[in-house]
1. Do you know which residues across segment 32-57 are closer than 29 Å to LEU192 by Cα, open to solvent by 10 Å² or more (accessible area, probe 1.4 Å) and in contact (Cβ under 8 Å) with a residue 12 or more places away in the chain?
2. Examine segment 579-596 for a residue that is in contact (Cβ under 8 Å) with a residue 60 or more places away in the chain and either out of contact with any helix residue (DSSP H, G or I) (no Cβ under 7 Å at 6 or more places or on another chain) or surrounded by fewer than 17 Cβ atoms within 10 Å (Cβ to Cβ) (or both), and state whether such a residue exists.
3. Can you tell me which of GLY10, GLY60 is in contact (Cβ under 8 Å) with a residue 60 or more places away in the chain and either of a type in the set (A, V, I, L, M, F, W, C) or over 30 Å from ALA563 (Cα atoms) (or both)?
4. Here are some conditions: (1) surrounded by fewer than 22 Cβ atoms within 10 Å (Cβ to Cβ); (2) within 18 Å of ARG498 (Cβ to Cβ). LYS351 meets all but one. Which one does it not meet?
5. Return only the number of the condition from (1) touching a helix residue (DSSP H, G or I) at 6+ places or on another chain (Cβ under 8 Å); (2) open to solvent by less than 50 Å² (accessible area, probe 1.4 Å); (3) of a type outside the set (Val, Ile, Thr) that ASP273 does not satisfy.
6. As an exercise: evaluate LEU28 against (1) of a type in the set (A, V, I, L, M, F, W, C); (2) in a helix (DSSP H, G or I); (3) surrounded by fewer than 24 Cβ atoms within 10 Å (Cβ to Cβ) and give the number of the one condition it does not meet.
7. Scan segment 168-183 and give yes if some residue there is open to solvent by 30 Å² or more (accessible area, probe 1.4 Å), touching a residue at least 40 places away in the same chain (Cβ under 8 Å) and closer than 17 Å to GLN295 by Cα, otherwise no.
8. When you look at SER228, is it under 30 Å from MET151 (Cβ atoms), touching a Pro at 6+ places or on another chain (Cβ under 8 Å) and open to solvent by less than 10 Å² (accessible area, probe 1.4 Å), yes or no?
Amino acid sequence: MEKLNFIRVGAIVNQLYLASPKENAKELIKMIRKAEKEQVSIVVTPELSLTGYTCGDLFGHKHLLNLAKEALKMVIDETKDLDIISILGLPLSYENELFNCAVVIQKGKILGVVPKSYIPNYGEFYEKRWFSSGLNLKNKKIQLLGEEVFMNTNLIFKDKKEETLAFAIEICEDLWTVIPPSYYHAINGATLLFNLSSSNEIVGKASYRKNLIKDTSSRTISAYIYASSGLMESTQDLLFSGASMIYENGKMLAENQKYDLKSNLIYADIDLDHLSHDRRKNTSYNSDINDREYQEIRIDVKRKMKTIKREYKKYPFIPQNEEERKKRCEEIIEIQTNALVRRLIHLNNPKCIIGISGGLDSTLAFLITIKAFQKLKRDPKDIIAITMKGFGTTNRTYKNACELTNKYQATLKEISIKEACLLHMKDIGLDKKDRSITYENIQARERTQILMSFANLENGIVIGTGDLSELALGWCTYNGDHMSMYNVNSSIPKTLVRDLVKTLAEKEEEEKRKIMFDILNTPISPELLPPDKNGEIQKTETEIGPYILHDFYLYYFLRYQDAPLKIYELAKIAFQDDYKEEKIKKYLNIFMKRFIREQFKRSCMPDGVKVGSISLSPRGDLRLPSDMKGTIFTLEEEEIK
């Protein structure tokens, strides 16, 4: 997994023995060994994990401080055979001051010491009674257990081989300040941020803390690994829950069960490529004023994980939670609707011409047009829906197209394209028994010609119906269904089209809902070929592969610009119960070939609204040459091996 640039990180909440460093060391050794067994590369513990956070005035006693150092040495000695990097919390005295520190250790060595920057002294916190801020320690080196090590708030620990594998540390209150140290850490290259914390529980604090960590992870485009002191801290005035969590760019990957009496470990696999990609893409990321000097410590991070232990959604464009799904779909429908409203206002409210086929895409485009007219308080009769029977049109789609149009009181036009297509075939010398791509494209272009001519006749505009997935695969006829005057579906992937139609259907009366659900259950087909001798109709997914796979490939290829090998590995995780590896590879190569080869169609695509993180518009998100080989991004056998 090192080739795919993942790293497994963890957070330990140790069963605490208050003011008993030796006992805490034993517990931490046990948990660090457990983390090593789980192939964790870097693990963090709570604030002052070797002593406990609630020791009070005992922090002023040299005896406790010496015991803490002895406990640190004990952990170092007992884990020197391990490759894991551990981040431990303890109090350290230096030049007549006491600092609340994180000590980073690996293979029997101390890699560095990070003191706490911001010392809380309000409400229930009295840390300034004992501790000093580490902000004034600039490039300091101290002697600790016979080693000379850096002690600095601005330390970046960076892997010797992989530049994107870099981490930094902040301690509890540092996160809660107006401008946390983590912001500077991230700007200076840290992709992993570790926080040793002691956060007590009061009403509402748990959700606030979680949102704070989520927001910090998102703002810094980092992985944030947080561990807080557990239940066995003193409850003289406060209660600690031992909360720990791991976020990656605002997404929670792991969270423990709070109020655990025993030690616990959580871990997650972080995608460093995705983090570094988003930082490069966000050109504002490095524009902040940054006058802090950082000390870089080169380290050797061992990544032993054999497999990726995290989930990947089969539908990356669609939230899994039902409530979130509905909310997302409603938001997208609003964006589509209002984009069309704005265009219609600009054009002095022309009529809208739309090809209605009884399929998913044209249904969505038609319903969005209906909603735009409702907002503008316009007569739906000014929506001219044209159904154009061809050689492959089925009675089911024809009936649904007609009934849907009539139920919404739009104007229905029926025009057969068969005679015109046969005449065109004769004109160009194509045998009418031919079933080549020319045969199919003649029909697609004839339909577009009818729509465009009607738009001229009615002083209207053609509403496009083609979706994002079709544009990505080039599954559209150049200057045929590829063309329109405004396309409301241009950034909607096929898998999402279905959910949007479903969301609209669920709000309608029974008769309309029945038609729309039948459309949802209709096989996806361009209906350009007549049924075969067995009565089987042309099915898109039989020819090019399942859209559920293609939309997955599309998301990771464009959203994160992942290499084919990485997309293949992620797809294996997401679809392990659905498709064999050979199928995943086969359709991935089909996607890659078609995506690169068909760029020329996207280079001249019509205007259309962007609704999500991915768009193929040459004026917006995607600028590619139309002259690349279709095989440039295909997956080779050698890569898999």
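The values are calculated or read from the model by the stated rules, or taken from the named source; none is laboratory data. The model shown is predicted, which means the values in this text are computed figures rather than measured ones. In this analysis, Cβ positions are derived from the backbone assuming ideal geometry, glycine residues included, and neighbour counts consider all displayed protein chains. All accessible areas refer to the heavy atoms of the entire protein, side chains included, with ligands and DNA or RNA removed. Shrake-Rupley method; radii C 1.70, N 1.55, O 1.52, S 1.80 Å.
1. ARG33, LYS34, GLU36, GLU38, GLN39, TYR53, THR54
2. no
3. Just a single option satisfies the conditions, and that option is GLY60.
4. It fails just one condition, (2).
5. Condition not satisfied by ASP273: (2).
6. (3)
7. yes
8. Yes; evaluated as a whole, the condition is true for this residue.
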